[in-house]
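Here's a structure for you.
Every number in this text was worked out from the coordinates using simple rules, so none of it is lab data. Bear in mind the structure is a predicted one, so any value in this text is a computation, not a measurement. Cβ placement follows ideal geometry from the backbone for every residue including glycine, while neighbour counts extend to all protein chains displayed.
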Amino acid sequence: MLALGEVLATLLVTLLLVQYLRFRWLGRYLPPGPSPLPIIGNLWDLGFRLDHEVFIQMAKTHGNIFTMWLGQKPVVVLNGYQAVRNALIGHSEEVSGRPTTPLFEEMSGGKGIIFISGNNWKAQRRCGLMALRALGVGKKVMEGHIQNEAQWLLESFAMMKGKDTDPNTAIVHSVSNVLSTIVFGHRFSTTDSDFAELIDATDCVINMGGSIWGRLFDVFPSLMRYLPGGQQKMFKFNAFLHQFFEKEIRSHKESGTPEESQDIIDFYLSQMSKASDKMTSALNEENLIHLSMDIFMAGIETTTTTLLWSIIHMLNHPHIQVKVQQELDAVVGPMHVIEYEDRKRLPYTNAVVHEIHRFSNVVSVGIVRQVIKETELQGFHVKKGTVILPNISSVLYDPECWETPRQFNPSHFLDKEGNFIAKEAFLAFSAGHRVCLGEQLAKTVVFLFFANLLRAYTFQLPEGVKQASTDYTLRSTLKPLPFKICAVAR
């Protein structure tokens, strides 16, 4: 009789062989890529995280389209401007789906806008866009709310009196209140304990979702649902957020929907009341909860992180900071209320803001897509249901599109006469049917906050610090490491 050890060894070899043959069979029509390990696929190669730099390096070996295995699931990775643009714009409809993953399902239950597909997604996106337009995003009425929060931020920096301080708290409070006004119709006091918990919960859910805990949950959902770890904290805070938004919606319903919508919740409830068939309509309260959560959380995280990077780049490039200030002084002066329309008269400042979005693209690789109908990408026949990962950062660092892709260089967006020029390869907000819902809002907030800050303050490094670190932590966004500044009033 075989010893127990020999039996186990034989069983293990058999399992490994089955896994290998399974990978080979499922991947027979997929673009080639690095060989996967049993069970975990290529997660070991990735360090259990989706890092744009790893994908860029892999593309040098495997080409601009290759297959990675995230556990048992194959993912087709696209790198570089041509490959990503061809998919997101050239085949926009075909790659407009979102795969159902255990983590996505656990967090949203197939509701909201970020993690869903099909007719439900189309209905939520349409309503979300209509709401933002109705509330004046891109117009003067919304700019007033943003300018109020920009002024609050300036006052917060004034209280620092030029001393060493971490700018994160002041920025996240200001950005959060922009989103609060849009979603809830009111802002919060920074001393409000509910507001503090709302921000903490948002930070935890977003960052844990992109961590190793999120990757492990997708591979071992049945196990990770019960094991202790960061995923449990994430689920706890996600439940808190659900209850918080549910409470806000209940408050709106009790006060009645005004004739002129004041916020996203008002607008959505109004559209719900107009739905022809309330029982089957995609516009329902559960979708409203998750749509509001998606807009609120994504808006806070990406905008706050972008503004933090903007300060780091000004610290490390003081000559650029001076040029921005000189343009602001010459064009708008100290008393003019800076408007988003002023960007057309501020080509250098506008170029710097765009370079911040490009060089420090906070969403890294972007969110995975799913092919909803058979198509062809880069010469490969891709079947319905295939998961696609467009590496957005590889476009923003593509040496064929940018003169100095690995340097912070505002000249990427300026012609020889110093006029601002738009670039097709500027896909910081993705592209196609899944382009960022809040792109216009994010651009407006970042520009107005940045311009107001630079007009009022000069950012300097604390004494003894030679350079601000450009290292980052990779979660759902590329967050800079904590840092301190001296905001010196001009």
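GluC sites (Glu not before Pro), restricted to the range 26-125: which are DSSP loop and have at most 13 other Cβ atoms within 10 Å?
Within the range 26-125, the qualifying GluC sites (Glu not before Pro) (loop, at most 13 other Cβ atoms within 10 Å) are GLU93.
Next up: Looking at this model, which pairs from LYS73/LYS384; LYS383/LYS423; LYS323/LYS344; LYS344/LYS416; LYS161/LYS466 are more than 25 angstrom apart at the alpha-carbon? Show your work: numbers first, answer last.
Numbers: LYS73/LYS384 14 Å; LYS383/LYS423 32 Å; LYS323/LYS344 16 Å; LYS344/LYS416 17 Å; LYS161/LYS466 21 Å.
In this structure, LYS383/LYS423 lie more than 25 Å apart at Cα.
Oh, and also: By how many nm would the segment from GLU417 to ASP329 lengthen if fully extended, with 0.36 nm per residue of separation less the alpha-carbon distance?
Working: separation 88, 0.36 × 88 = 31.68 nm, distance 1.99 nm.
Going from the current span to full extension adds 29.7 nm.
Straight-line reach from LYS140: which aspartates and glutamates have a Cα under 14 Å away, not including same-chain ones fewer than 8 places off?
GLU339, GLU341, ASP342
Return one quarter of the surface area of the convex hull spanned by the alpha-carbon atoms of the range 152-194, equal to its mean projected area, in nm².
In nm², the orientation-averaged hull projection of the range 152-194 is 3.2.
With N set to the number of residues, divide the alpha-carbon radius of gyration of the range 279-428 by 2.2 N^0.38 Å and report two decimals.
Expressed relative to 2.2 N^0.38 Å, the Cα Rg reads 1.34.
Given R₀ = 22 Å, what would the calculated FRET efficiency be for LYS139 paired with GLU285, taking r from the Cβ atoms and rounding to 0.05?
In this case the efficiency is close to 0.20.
What's the longest uninterrupted piece of the chain once you rule out the chymotrypsin sites (Phe, Trp or Tyr not before Pro) that are loop residues per DSSP with at most 14 other Cβ within 10 Å?
227-490
Aspartates and glutamates within cross-link reach of LYS274: Cα-Cα under 20 Å, excluding same-chain residues under 8 positions apart?
Cross-link targets: GLU254, GLU259, GLU260, ASP263, ASP266, GLU285, GLU286.
Follow-up. Which aspartates and glutamates, if any, have their Cα less than 18 Å from the Cα of LYS479, not counting same-chain residues under 8 positions apart?
Correct list for LYS479: ASP51, GLU53, ASP166, ASP200, ASP203, GLU301, GLU355, ASP471.
Using only Cα atoms, figure out Rg for the range 114-170 and give it as a multiple of 2.2 N^0.38 Å. List each step's numbers first, then the result.
On the way: Rg = 18.0 Å, N = 57, 2.2 N^0.38 = 10.2 Å.
Normalised Rg, Cα atoms only: 1.76.
Which one, PHE380, ALA123, GLY144, is farthest towards the positive end of the dipole of the chain when Lys and Arg carry +1 and Asp and Glu -1 on their Cβ?
PHE380
Toward the positive end of the charge dipole of the range 362-478, about the Cα centre and with charges on Cβ (Lys, Arg +1; Asp, Glu -1), which of CYS401, LEU454, LEU427 goes farthest?
The listed residue farthest towards the positive side: LEU427.
From the list (i) 26.0; (ii) 22.8; (iii) 27.1, can you say which value of mean projected area of the Cα convex hull in nm² was derived from the structure given?
The listed entry that was calculated here is (iii).
Could you work out the Rg to Rh ratio of the range 112-224, with Rh taken as the Kirkwood radius (inverse of the mean 1/r over all Cα pairs)?
1.06
Helix-only mean residue ellipticity at 222 nm, the chain, DSSP H runs n ≥ 4 weighted -39,500 (n - 2.57), per residue, nearest 500. What is it?
My calculation for the chain gives -17000 deg cm²/dmol from helical runs alone.
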